[in-house]
Amino acid sequence: MKFGVIALLAAAMAMLAPQAAMAQEVVGAEVPETAEPLEVPAGETEAPEASGAYVPMAPTEGKGMPTSAQDDLLASMTFQDQYTADGQYALFMHDYILLPVITLISLFVLGLLLWVILKFNRRSNPVPSKTTHNTLIEVVWTIVPVIILVIIAVPSITLLARQYETPPEDAITIKATGYQWYWGYTYPDHGDVEIISNMLSDADAIANNEPAQLAVDNRMVVPAGVPLRIQTTGADVIHAFAVPSLWFKMDAVPGRLNEKLLTIPEPGVYYGQCSELCGARHAYMPIAVEALPMEQFEAWVLEQGGSLPGADEELEAADINADETDEDLDIIGEDEA
């Protein structure tokens with residue numbers, strides 16, 4: 001029996017050894033070399049236009065990224081500043097409805113508890129009260145919570161409805177696919193361009209004036225100010241595409257295509273992470289969304305080898321017109337002959 005147990009343990013270790021080696025290989029893998037550090041001034045919100053080629057936008061300090069406790073303790077304990085309409089509504093609901101209600105209820109319950117401790121202890125009441133019912137109190141503690149819940153329900157249901165709004169037909173579709181452990185972005189409306197996004201090393205991120213463990217080599221580039229149809233799926237396990245400052249989070253499930261409306265009003269760089277435990281390197285799947293003006297976005301698409309919506313139809317129409325012109329010329333030539 002003893003030798004059987006030892007043999008079983010040895011077999012298990014032999015099976016786990018290749019997986020451990022693979023994990024070490026992945027963790028120790030070198031990050032590909034990146035371009036030279038950005039030379040855009042800090043706080044700049046637009047890429048330089050001198051060269052004509054796409055240059056990653058320099059992030060604005062504190063915008064679209066978390067705040068450390070060393071920089072601002074209070075800001076590090078609450079939500080990030082919001083840059084979408086739904087996010088601003090949700091932040092308003094949290095700051096001006098939920099927090100005041102929670103604070104008042106907590107203080108009221110604490111006051112009742114202290115009052116009971118001081119007034120109804122054994123020293124103050126040697127002979128305890130025999131009261132078993134109080135109709136007024138029972139009605140109050142039933143009606144008041146119901147009223148509070150109804151008040152909270154109105155903005156809550158409104159926020160839920162806004163978050164499930166269907167993207168319009170003319171929304172630009174971008175598909176985010178979660179892999180172990182990186183993201184892939186596909187642009188089906190622009191020639192099925194696909195971008196693979198991996199995390200930068202801390203040294204490269206800091207050299208680019210970006211937050212460590214949130215910067216990536218290839219960002220998800222989108223146009224600002226227009227509706228986006230963000231679709232998510234998983235290639236292997238369940239991931240979650242989440243960008244806190246855009247109030248956006250959606251699971252990426254293998255075999256399933258989820259979609260949600262997202263509109264980013266202003267250009268900028270917004271950071272997020274995979275928010276579903278997906279394996280050994282779950283913590284190293286950052287998301288960087290770069291919102292550009294439409295003209296710069298279209299230039300980026302063309303630079304990636306993609307095409308603009310309607311361009312193929314225009315080329316086909318031009319070819320048809322050219323063919324018809326050639327046929328007319330042939331007919332005219334035959335008539336003259």
*How many residues does region 239-273 hold that are over 13 Å from the mean Cα position of the chain (by Cα) and closer than 23 Å to L200 by Cα?*
2
*Considering only region 41-61, state which residues are surrounded by 15 or more Cβ atoms within 10 Å (Cβ to Cβ) and modelled with pLDDT of 75 or more.*
Y54, V55, P56, M57, A58, P59, T60
*In region 264-291, how many residues are touching a helix residue (DSSP H, G or I) at 6+ places or on another chain (Cβ under 7 Å), more than 18 Å from W247 (Cβ to Cβ) and surrounded by 23 or more Cβ atoms within 10 Å (Cβ to Cβ)?*
0
*asked:* Looking at region 165-204 only, could you name the residues that are within 17 Å of C274 (Cβ to Cβ), buried (at least 20 other Cβ atoms within 10 Å of the Cβ) and over 17 Å from the mean Cα position of the chain (by Cα)?
replied: L200
*asked:* Which of the numbered conditions does A90 fail, given that it passes all the others? Conditions: (1) small (G, A, S); (2) part of a loop (DSSP other than H, G, I, E, B); (3) modelled with pLDDT of 90 or more.
replied: (2)
*With the checklist (1) more than 15 Å from the chain's Cα centre (by Cα); (2) modelled with pLDDT of 95 or more; (3) acidic (D, E) in hand, flag the one item D326 doesn't pass.*
(2)
*Only one residue in T60, T84 is closer than 30 Å to D217 by Cβ and touching a Leu at 6+ places or on another chain (Cβ under 6 Å), so which one is that?*
T84
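The values are calculated or read from the model by the stated rules, or taken from the named source; none is laboratory data. Fair warning: this is a prediction, and the values are worked out from it, not measured in the lab. Methodologically, a virtual Cβ is constructed for each residue, glycine included, from the backbone with ideal geometry; neighbour enumeration extends over all protein chains shown.
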